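Engineer: Below: one structure in structure tokens.
Here, each number is a calculation from the coordinates, and none is a lab measurement. It should be emphasised that the depicted structure is a prediction, and the values quoted were computed from it without experimental measurement. With ideal geometry, Cβ positions are generated from the backbone for all residues, glycine too; neighbour counts draw on all protein chains shown.
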Ligand code: MN
């Protein structure tokens, strides 16, 4: 009898699970909205997290509901969706990218200012030094033409690489594993810095928590 129950359970539970409607939720911020001031204002967080990310999320959930996608996760959509201009790709990637971006931020008093251990070794190995990495990453973020994201990721061969992705781009599409992203869409800094992206990037490090990146690196 117990075997019969188990067979029924393991046969039907995955089906029930797979047909459950997939709804993505707004990630919880690790900080108060005004905690990143003066580097990133409460007004920017309210707008960027509360309006822009929420709008992408609402859009994504609506599309997924409409398309009857029940088994996909965000990373699969980002990696496999054929068209990076497609609205499903854009919504999925913008939700993933923004969640990844906000997760790295922390008030200056709590943020870890320097990487250590294996992450620092990998950075030194790939870029020569931490200082050189920062110069190259800032250069990528500043020089990206138009809207997009600067990334640090790990390639298949284990080396770290800095890339620029326009619009909703994500290095997972090139089989890289993301470690850091910096949103350089104008909406992420315009309220605080107007068109001075250089100042936004310089101040970004003041609220950037390397302990988050160390954890990501250990999980790769
Ligand atoms: Mn953004």
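Engineer: Checking the a/c ratio against 1.5 first, then a/b against b/c, what shape does the Cα gyration tensor give for the stretch 142-220?
Structural biologist: The shape class here is oblate.
Engineer: Given the Cα-Cα distance of residue 85 and residue 52 and 0.36 nm per residue of separation, how much length would full extension add, in nm?
Structural biologist: 10.1 nm
Engineer: Using a Gaussian network model on the chain with a 10 Å cutoff between Cα atoms, which of 209, 65, 183 fluctuates the most?
Structural biologist: Most flexible of the set in this elastic network: 65.
Engineer: Please report the antiparallel percentage of DSSP beta bridges with both residues in the chain, rounded to the nearest 5.
Structural biologist: Within the chain, antiparallel bridges account for around 100 percent of the total.
Engineer: Hey, another quick one. Given a cut-off of under 8 Å on Cα pairs at least six residues apart, what relative contact order in percent is computed for the chain?
Structural biologist: After rounding, I find 23 percent.
Engineer: Please report 172, 114 as a ranked list, fewest other C-beta atoms within 10 angstrom at the top and most at the bottom.
Structural biologist: 114, 172
Engineer: Taking square-rooted eigenvalues a ≥ b ≥ c of the alpha carbon gyration tensor, is the stretch 25-143 rounded, prolate or oblate, where a/c under 1.5 means rounded and, failing that, a/b exceeding b/c means prolate?
Structural biologist: oblate
Engineer: Also, quick follow-up: Averaging sequence separations of C-alpha pairs under 8 Å and six or more residues apart, then dividing by the length of the stretch 162-220, give the relative contact order as a whole percent.
Structural biologist: It rounds to 27 percent for the stretch 162-220.
Engineer: Please say if the stretch 78-220 is rounded, prolate or oblate, where rounded means a/c under 1.5 for a ≥ b ≥ c the square roots of the C-alpha gyration tensor eigenvalues, and otherwise the choice is prolate for a/b larger than b/c and oblate otherwise?
Structural biologist: oblate
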